[in-house]
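The values are calculated or read from the model by the stated rules, or taken from the named source; none is laboratory data. Nothing here was measured: the structure is a model prediction, and the numbers come from that model. Glycine also receives a Cβ, built like all others from the backbone with ideal geometry; neighbour counts cover every protein chain displayed. Surface areas here come from the heavy atoms of the whole protein model, side chains and all, with no ligands, DNA or RNA. Shrake-Rupley method; radii C 1.70, N 1.55, O 1.52, S 1.80 Å.
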Amino acid sequence: MSAPHLPKVAGIDPAVTASPHTVAPTPVPTTTTTTPRTAHAPAQGPAASSVIQDRLAGMVSDLTTLHELTERLARACDLTSSLQEFLRAGASLVGARRGLIVLEPSDGLGPTTTIGLGLGHADLGHIETVPRSATSHGRILDGLPDAHGGSEVLPEPGTNPGPGAGGHTTPVDPRHREVAARLGYAASYSLPLTAEAIGRLGAAVWLYDEQAEPSDRQRDLAGLYVRHAAEHLARMLEVERARSSLAIVAEELLPSRLPRIPGVQLAARHHTGPHGGGDWYDALPLPEGALGLAVGSVTGSGPSAIAAMGRLRASLRAYAVMEGEDPVAVLSDLELLLRLTEPARSATALFAYCEPAGGQAGGRPGDRGRKLILAGAGHTPPLLIGERRTEYVETTLSAPLGMLSCWEAPSVEIEPAPGETVLLYTDGLLRRTGDPMDRAYARLHAAAAGIPRSAREDPAAICDHILRTVLPDGEGGGGISPADTSEDIVLLAARFE
């Protein structure tokens, strides 16, 4: 009869008793001859294990920190934000509060810039007054043999500078000491920025409020991070160069200057998105003293969209000279050309024919107001801005060019009063707000209605006020950063006297 099984408690198996037939283990013979190292091993074992565990924990912590910082750097989508993130991360690694990075690629293709952390424009200006050869980053940029980065402590006046970790023993320039005292830093730590594809990118410097330098561990971490960050900055540098090239090409395809027409003041604003969009504008004098105004946008982005924009604008200029009195005919010819030459692309456009002053050829300015004949193909409606009214011009609903087998829509006529401004724009201005289209239209209308009286006489001031008011904070003032959004922005204002 077998013995009863013990019940399980809380999922734990009952203890298994040793079998009476189990043979006892044979004792292992031991020797009494031991070396001193073996005799002391049990005493040192726990301490050595603790040291190893501390080192491993420190290594894991360092790797985690580097991973987090490199992830944050990878999320930076343009060169400026990458440089700022690089400075912040480097300062946290070396234990500094302030710093600057001087971007000066060795291939000479630019861009060259200086960005500071915890330093204002005036502070950067003071630093730039120091002779280049007297600063650690200047020696790095000049490619001197001993310029490998490192710490540099500014000694007190009348003392001899000792060699820092970077081996700098050059006496401190009096101007360098003066600027350091003005800005309140006593030591610096500099590192070169080099990438495999480009070579030298520039130099980074972090500033200490007291005479100090990073520890060996901080140097190792900063060195690892800088090597990774330099490759990221090199990629962002190539992207920035490509964006600048696209922006230059787009600007060259647009009017270099606006024509001077009696009785009309013109102003335009154009901002290309980071990928190079196809928004464009044009203002051209037509026969017998007339004026043609046009804005438009082609689908897509990049070099192909810019090339298509250039072809479309050139074609519209030709059609406007031949049959500008009929804007519908101009857009119809443009639609046929687009459908035959680029069937996979569509575009929006608006063309306005401004009659000569006086309503006929040879009329004198001031005889009566000018009349505008408008036609639009899927484009945003113009905005009429004046002292007595601010309203959208109701154009007929029409599909964009290239969307239908045959495009045609009736035109509309308006007669701006003296002192009123007609504002043409692309939908990038509305999309840049981030609001739904109905709210974006209301936002644009409110901005136009709130233009100060002193600015209504200048179409350039009107455009600037619209940009400052309509766009989110930080985008409209002092120019628009091309990296803020993928949308192009075009404004064309015509004020009638």
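With a 1.4 Å probe and every protein chain left in place, tell me how much accessible area Phe496 has, in Å² to the nearest 10.
The accessible area of Phe496 comes to roughly 10 Å².
If you take every residue apart from Ser151 with its C-beta less than 10 Å away from the C-beta of Ser151, what net charge results, scoring Lys and Arg +1 and Asp and Glu -1?
Working: positive: Arg219; negative: Glu152, Glu213.
Surrounding charge for Ser151 is -1.
Which of the trypsin sites (Lys or Arg not before Pro) found in segment 246-299 are in a DSSP loop and have at most 12 neighbouring Cβ atoms, other than their own, within 10 Å?
Working: sites: Arg257, Arg260, Arg269; in loops: Arg257, Arg260.
Here the sparse-neighbourhood loop sites are Arg257, Arg260.
From the P(r) of segment 58-137, can you give the percent of Cα pairs sitting at distances over 21 Å?
Taking all Cα-Cα pairs of segment 58-137, the fraction more than 21 Å apart is 40 percent.
Keeping every protein chain present and rolling a 1.4 Å probe, give me the accessible area per residue for segment 203-274 in Å².
Heavy-atom accessible area per residue stands at 51 Å².
What is the diffusion coefficient of segment 417-460 in µm²/s, taking the Kirkwood radius over Cα pairs and the Stokes-Einstein relation at 37 °C with a viscosity of 0.692 mPa s?
D = 279 µm²/s.
As a test of reading the structure, rank His121, His126 by solvent-accessible area (1.4 Å probe, protein chains only), most first.
The ranking, largest first, comes out as His121, His126.
Order Val330, Val51 by their accessible area, 1.4 angstrom probe, all chains in place, largest first.
Val51, Val330
Sorted by accessible area with a 1.4 angstrom probe, largest first, how do Glu408, Glu335, Glu213 fall?
From most exposed to least exposed: Glu408, Glu213, Glu335.
Need one value: the accessible area of Leu193 in square angstrom, 1.4 angstrom probe, rounded to the nearest 10.
Accessible area, nearest 10 Å²: 0 Å².
Using a 1.4 Å probe, how large is the accessible area of Tyr185, given in Å² and rounded to the nearest 10?
Accessible area of Tyr185: about 20 Å².
Within 12 Å, Cβ to Cβ, of Ala283, how many net charges do the neighbouring residues add up to if Lys/Arg are +1 and Asp/Glu are -1?
Cβ neighbours under 12 Å give a net charge of +3.
In a shell of Cβ-Cβ distance under 10 Å around Ile373, excluding Ile373 itself, what net charge do Lys and Arg (+1) and Asp and Glu (-1) give?
On the way: positive: Lys371; negative: Glu325, Asp326, Glu355, Glu413.
Result for the neighbourhood of Ile373: -3.
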